[in-house]
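S.K.: Here's a structure for you.
The values are calculated or read from the model by the stated rules, or taken from the named source; none is laboratory data. In this text, all values refer to a predicted model and were calculated from it rather than measured experimentally. Cβ placement follows ideal geometry from the backbone for every residue including glycine, while neighbour counts extend to all protein chains displayed. We work out accessible area using only protein heavy atoms, side chains counted, and drop any ligands, DNA or RNA first. Shrake-Rupley method; radii C 1.70, N 1.55, O 1.52, S 1.80 Å.
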Amino acid sequence: MSTEGTVRLLDDDELPAAARLVSATMLGSVERQVTDDWAEHWRGKVNHGAFQGGELAGVARWFTADLSFAGPVLPAACVTAVAVASNHRRQGHLRRLMAEQLRSMVDAEVPVGLLVAAEWPIYGRYGYGPAVEACGFEIDARTARFTTLPTGSIELVEPAGLRRPLEAAHDARWRRTMGAITRNASTWDRLSGVAAWPGDKAEPGQRRGAVWRDADGQPQGAVAYSVHDSWTRNRPDGRIEVSLLVGATPEAERELWRHLCEVDWVSTVAAGVRGLDDPLPFFLHDARAAAALDRSDCIWARILDLPRVIAARRSAVPGSVVVEVVDELGPAGGRWALELGPDGASATSTDRTAEVRLPVATLGAACLGGASLTRLHQAGWMDEDAPGAVARLDALLRAPIAPWAPTTF
């Protein structure tokens, strides 16, 4: 009789136990109310469980969101809450979970999977590559001086008044931002502060919101943030921590940053997770007043339907490359002729000689235009069979602005 574990979809009445497993594994709260709240949040998602001898040993779930390609849009499978109980590690449960999860994505005809990797070495084994980098910024509000005069107007709002303009500003930003995803209504309740995330112990009174309106009085940007009081040598040394700041235009975001830097008693504005090409430092006379911190991988991507993903891309210059993709767990493997240009792109199966050979994880890292394939080639992530082919592929796939995911999951 085989002792190998099994994987299946979880029933709704099994979600509280799954939430407790995930919270315990990720060193979170295992209070019954907290894990029950998470379980409720999971309902309607695709929740897989790994079992050993009838005992729940691991969990993985995904949900669907729309992924922006700064024009074209694709559905994406957003993977989260992946965990194996500490007493069931190194028994193959994660491998079985990830394989079954990938099959469910393919069956659902989702062309790309996304996840936030808690640890770098794990997900490349399953075809994911680091596609969206991010960094934080910390602004010295005492010295920050903006290069332009103020425009529009700022309205201070409570969470209930922030909810709608924050979502609207995000959706406008989403349309122009490679790598951004849409969020559902309950998530917007939490992002705006109308509702708390399960286990969130932040003081509601510290939450703030602001909306920027243009010269016509139309809301174009919004920010959710919290304030923290502190004094140093009898002088105010307050801190603002931004949860989410988004604008329909760069002007809207600039004016929101200006507002935060001009709040009385505040010396530091922590900008949260921003894209690598965020213009924030260059809004200032002295860009060093906004220091970039903690640059790291943020979103990893896994290509499942290569023709659909490539069709969503655009390139400033036309060109083509034949690639050999190795995909041991999914359907993206094979030899493909990639053609991209300003007006469209395609990936078609071909028997032409491959110019570049690479694992699907490497192509996943480049699929949103953020990774340098030349750099990855130098690191040994791919092989070049035709001189100059990697440089051509890099030029075709690199986005003019690095991708960014304003919200993670």
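S.K.: Out of the residues in segment 78-106 that are in contact with a Ser or Thr (Cβ under 8 Å, 6 or more places away or on another chain) and hydrophobic (A, V, I, L, M, F, W, C), which is surrounded by the fewest Cβ atoms within 10 Å (Cβ to Cβ)?
M.R.: My answer is ALA85.
S.K.: Name the single residue, out of those in segment 40-56 being in contact with a Leu (Cβ under 8 Å, 6 or more places away or on another chain) and either in a strand (DSSP E or B) or at pLDDT 95 or above (or both), that is surrounded by the fewest Cβ atoms within 10 Å (Cβ to Cβ).
M.R.: Ranking the qualifying residues of segment 40-56, first place goes to LEU56.
S.K.: With respect to ARG173, is the statement that it is at pLDDT 95 or above, over 20 Å from LEU244 (Cβ atoms), part of a helix (DSSP H, G or I) and open to solvent by 10 Å² or more (accessible area, probe 1.4 Å) true?
M.R.: Criteria not met by ARG173.
S.K.: Out of curiosity, is GLU109 out of contact with any helix residue (DSSP H, G or I) (no Cβ under 8 Å at 6 or more places or on another chain), open to solvent by 50 Å² or more (accessible area, probe 1.4 Å) and not in a strand (DSSP E or B)?
M.R.: It is true that GLU109 is out of contact with any helix residue (DSSP H, G or I) (no Cβ under 8 Å at 6 or more places or on another chain), open to solvent by 50 Å² or more (accessible area, probe 1.4 Å) and not in a strand (DSSP E or B).
S.K.: Continuing with this model, one more query. Pick from ALA316, ALA301: which is within 19 Å of the chain's Cα centre (by Cα) and under 29 Å from ARG173 (Cβ atoms)?
M.R.: From the options ALA316, ALA301, the qualifying one is ALA301.
S.K.: I've got another one for you. Please determine whether any residue of segment 387-401 is surrounded by 14 or more Cβ atoms within 10 Å (Cβ to Cβ), assigned to a loop (DSSP other than H, G, I, E, B) and either touching a strand residue (DSSP E or B) at 6+ places or on another chain (Cβ under 9 Å) or among the acidic types (Asp, Glu) (or both).
M.R.: Scanning segment 387-401, I find at least one residue that is surrounded by 14 or more Cβ atoms within 10 Å (Cβ to Cβ), assigned to a loop (DSSP other than H, G, I, E, B) and either touching a strand residue (DSSP E or B) at 6+ places or on another chain (Cβ under 9 Å) or among the acidic types (Asp, Glu) (or both), so the answer is yes.
S.K.: For segment 33-52, enumerate the residues that are basic (Lys, Arg) and over 28 Å from ARG90 (Cα atoms).
M.R.: Selection gives ARG43 alone.
S.K.: Any idea which residue in segment 4-39 is surrounded by the fewest Cβ atoms within 10 Å (Cβ to Cβ), counting only those that are assigned to a loop (DSSP other than H, G, I, E, B), free of Cβ contacts under 8 Å to residues at least 12 places away in the same chain and out of contact with any Lys or Arg (no Cβ under 8 Å at 6 or more places or on another chain)?
M.R.: Per the criteria, the residue is LEU27.
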